[in-house]
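Read through the structure below, which is laid out as structure tokens, and then see the notes.
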Amino acid sequence: MPPEVSTHQSAEDLRNNDILIWVDGHLRPKAEATVSVYDSGFMLGDGIWEGLRLYDGRWAFLDDHLDRLFEAAKAIDLDIGLDRAGVIAALEDTRRANDMTTDAHARLMITRGVKVRPFQHPSLSQSGPTMVIIMEHSKPSIPRPINLATVPHQRGLPMTQDPKLNSHSKLNCILACIAAQKAGADEALMLDVHGFVNTTNACNFFIVRKGAVWTSTGDYCMNGITRQKVIDVCRADGIPVFERNYSLVDTYGADEAFLTGTFGAQTPVGTIDGRVIGSGQLGPVTTRIRGLYKALVAAA
Ligand SMILES: Cc1ncc(COP(=O)(O)O)c(C=O)c1O
């Protein structure tokens, strides 16, 4: 197996040593951008987050990201203390402070805030939420198609920890990723509770069979914004696209497979469980979808 790569690998950029990070309304140098050890996010993973990308001066699909952020905040019963305009202003302050105009990635995190005692109960967070925006110069540079391994960790049912919640804690996904790495792969392919192929630990997953694009039904996986945009561009451009149940047999036999996410847009998959997918390289349908997605970002 070639050395591991990550689906969130970017070109080394020394400017990232000197970025300013937004912490509760203050822009702090990286070394001083800290939160309390009593913070609910650090202590318990009690918070939510969004990953956004800046292309040519604009945050791609900003409304969709804000919709998902506020929906998640409501789900965990957290008043984030800002309205949509306030969140946009914080993003823009951070962007301007770092003089970023394109090819930047923002991780916006909001936790239930500092606790008065080191225990789980949400009422112990009494001083309001903690909000942090890490914005880095970022050009995805994934050197080859990604290798996946199927893992025993599932995407669960919504009544445990709903996979649609962009929760601060990603432990289920991290355990899946570790299992994949132990199997010599880069990222984990996760099944749903019925054994159908669902998603990866950090991205959504698509296959291409005989010119048609398949992805999971959307149950059990993150309602990825890139996932939806890929479905939209396929529909608009006449590429047959199906949200359906499918198995590993369908997947190993696919002509192409790719991942989607805000960071990497569409990332080709080379192998799954040691089976080469199609040619093992970026395929023609994935290439076409990449072009359509790029045009959508530019037009948005
Ligand atoms: C588990 C998981 N799947 C998929 C995605 C991709 O979602 P998006 O396309 O909105 O970046 C993410 C990113 O937040 C994720 O955490």
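The values are calculated or read from the model by the stated rules, or taken from the named source; none is laboratory data. These numbers come from a predicted model, not from an experiment. Neighbour counts run over all protein chains shown; Cβ positions are idealised from the backbone, glycine included.
Taking the condition more than 17 Å from the chain's Cα centre (by Cα) and among the acidic types (Asp, Glu), does Glu32 pass? Yes: the conditions hold for Glu32. Among the numbered conditions (1) within 15 Å of the ligand (Cβ to nearest atom); (2) of a type outside the set (Phe, Trp, Tyr); (3) under 23 Å from Arg227 (Cα atoms), the only one that Arg144 does not meet is (1).
Using the structure shown, decide if Lys139 is more than 14 Å from the ligand (Cβ to nearest atom), at positive phi and charged (D, E, K, R). Taking the combined requirement at face value, the residue does not satisfy it. Only one of the numbered conditions (1) out of contact with any strand residue (DSSP E or B) (no Cβ under 7 Å at 6 or more places or on another chain); (2) touching a residue at least 12 places away in the same chain (Cβ under 8 Å); (3) under 30 Å from Gly274 (Cα atoms); (4) not aromatic (Phe, Trp, Tyr) is violated by Ser10, and that is (1). Restricting the first member to segment 125-136 and to residues that are over 11 Å from Leu52 (Cα atoms), and the second to residues that are hydroxyl-bearing (Ser, Thr, Tyr) and at pLDDT 95 or above, the beta-carbon pairs closer than 6 Å and six or more apart or on different chains are Ser125/Ser40; Thr130/Thr111. Total residues in segment 122-164 satisfying the condition of being buried (at least 20 other Cβ atoms within 10 Å of the Cβ) and within 16 Å of Leu78 (Cα to Cα): the figure is 5. The set of residues from segment 242-264 being modelled with pLDDT of 95 or more, within 16 Å of the ligand (Cβ to nearest atom) and hydrophobic (A, V, I, L, M, F, W, C) comprises Ala257, Phe258, Leu259. Search segment 162-220 for residues being small (Gly, Ala, Ser) and more than 20 Å from Gly274 (Cβ to Cβ), and hand back the single one that is nearest to the ligand (Cβ to nearest atom). That would be Ala202.
Taking Val276 as the residue in question, decide whether it is under 19 Å from Cys203 (Cα atoms) and at pLDDT 95 or above. For Val276, the condition - under 19 Å from Cys203 (Cα atoms) and at pLDDT 95 or above - is not met.
Can you pull out every residue in segment 72-121 that is hydroxyl-bearing (Ser, Thr, Tyr) and surrounded by 17 or more Cβ atoms within 10 Å (Cβ to Cβ)?
Step one: of segment 72-121, the residues hydroxyl-bearing (Ser, Thr, Tyr) are 94, 101-102, 111.
Of everything in segment 72-121, those that are hydroxyl-bearing (Ser, Thr, Tyr) and surrounded by 17 or more Cβ atoms within 10 Å (Cβ to Cβ) turn out to be Thr94, Thr111.
Going through segment 171-209 one residue at a time, which ones are surrounded by fewer than 21 Cβ atoms within 10 Å (Cβ to Cβ), of a type outside the set (Phe, Trp, Tyr) and assigned to a loop (DSSP other than H, G, I, E, B)? Of everything in segment 171-209, those that are surrounded by fewer than 21 Cβ atoms within 10 Å (Cβ to Cβ), of a type outside the set (Phe, Trp, Tyr) and assigned to a loop (DSSP other than H, G, I, E, B) turn out to be Ala183, Gly184, Asp192, Val193, His194, Gly195. Exactly one residue out of Leu27, Leu78 is at pLDDT 95 or above, closer than 27 Å to Gly224 by Cα and in contact with a strand residue (DSSP E or B) (Cβ under 8 Å, 6 or more places away or on another chain): that is Leu78.
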